[in-house]
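Have a look at the structure below before the remarks.
The values are calculated or read from the model by the stated rules, or taken from the named source; none is laboratory data. On a predicted model such as this, the values are computed, not experimentally measured, just so you know. Every residue, glycine among them, receives a Cβ derived from its backbone with ideal geometry; neighbour counts consider all protein chains shown.
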């Protein structure tokens, strides 16, 4: 498309389009846009058909009297746990601590920590997705 310059009676230049785009070009672009829209619609339907695993609740419960003012933490892998930084557990009473996740990780490996400083005795523990695991950690 070319620009055409004209001058009005006052000597001011005015730019106008020389020709409108050809109708065949407009139709070609319209067809490409329509085809792209159909591809997007097909892809959206494909994604909608795929089923993600339903979230299941995994619960870790620790029964331990760790003394007034202390906090129980978890470290591990799976469900957002890390071996470097502890996640605080929720106290549900004098000696019950709970951590709940809806992560779809199949296996959780974990260990308890007192005040995120002292490891519980024994080996690392393992829980499977969707189960409730009760442990009795000792420090």
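Yes/no per residue for (1) under 16 Å from residue 59 (Cα atoms); (2) in contact with a strand residue (DSSP E or B) (Cβ under 7 Å, 6 or more places away or on another chain); (3) at pLDDT 95 or above:
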site: 75; (1), (2), (3): yes, yes, yes
site: 79; (1), (2), (3): yes, yes, no
site: 87; (1), (2), (3): yes, yes, yes
site: 90; (1), (2), (3): yes, yes, yes
site: 97; (1), (2), (3): yes, yes, yes
site: 100; (1), (2), (3): yes, yes, yes
site: 112; (1), (2), (3): yes, yes, yes
site: 118; (1), (2), (3): no, no, yes
site: 134; (1), (2), (3): yes, yes, yes
* If residue 47 satisfies every condition in (1) assigned to a helix (DSSP H, G or I); (2) modelled with pLDDT of 70 or more but one, which is the exception? -> (2)
* Asked: residue 60 is checked against (1) in a strand (DSSP E or B); (2) exposed (fewer than 10 other Cβ atoms within 10 Å of the Cβ) and fails just one. What number does that condition carry?
  -> (2)
* Within the range 78-99, can one find any residue that is in contact (Cβ under 8 Å) with a residue 40 or more places away in the chain and either assigned to a strand (DSSP E or B) or in contact with a helix residue (DSSP H, G or I) (Cβ under 8 Å, 6 or more places away or on another chain) (or both)? -> yes
* Structure fact -> When the range 120-131 is checked residue by residue, the ones that are under 18 Å from residue 63 (Cα atoms), under 25 Å from the mean Cα position of the chain (by Cα) and surrounded by fewer than 16 Cβ atoms within 10 Å (Cβ to Cβ) are 126, 131
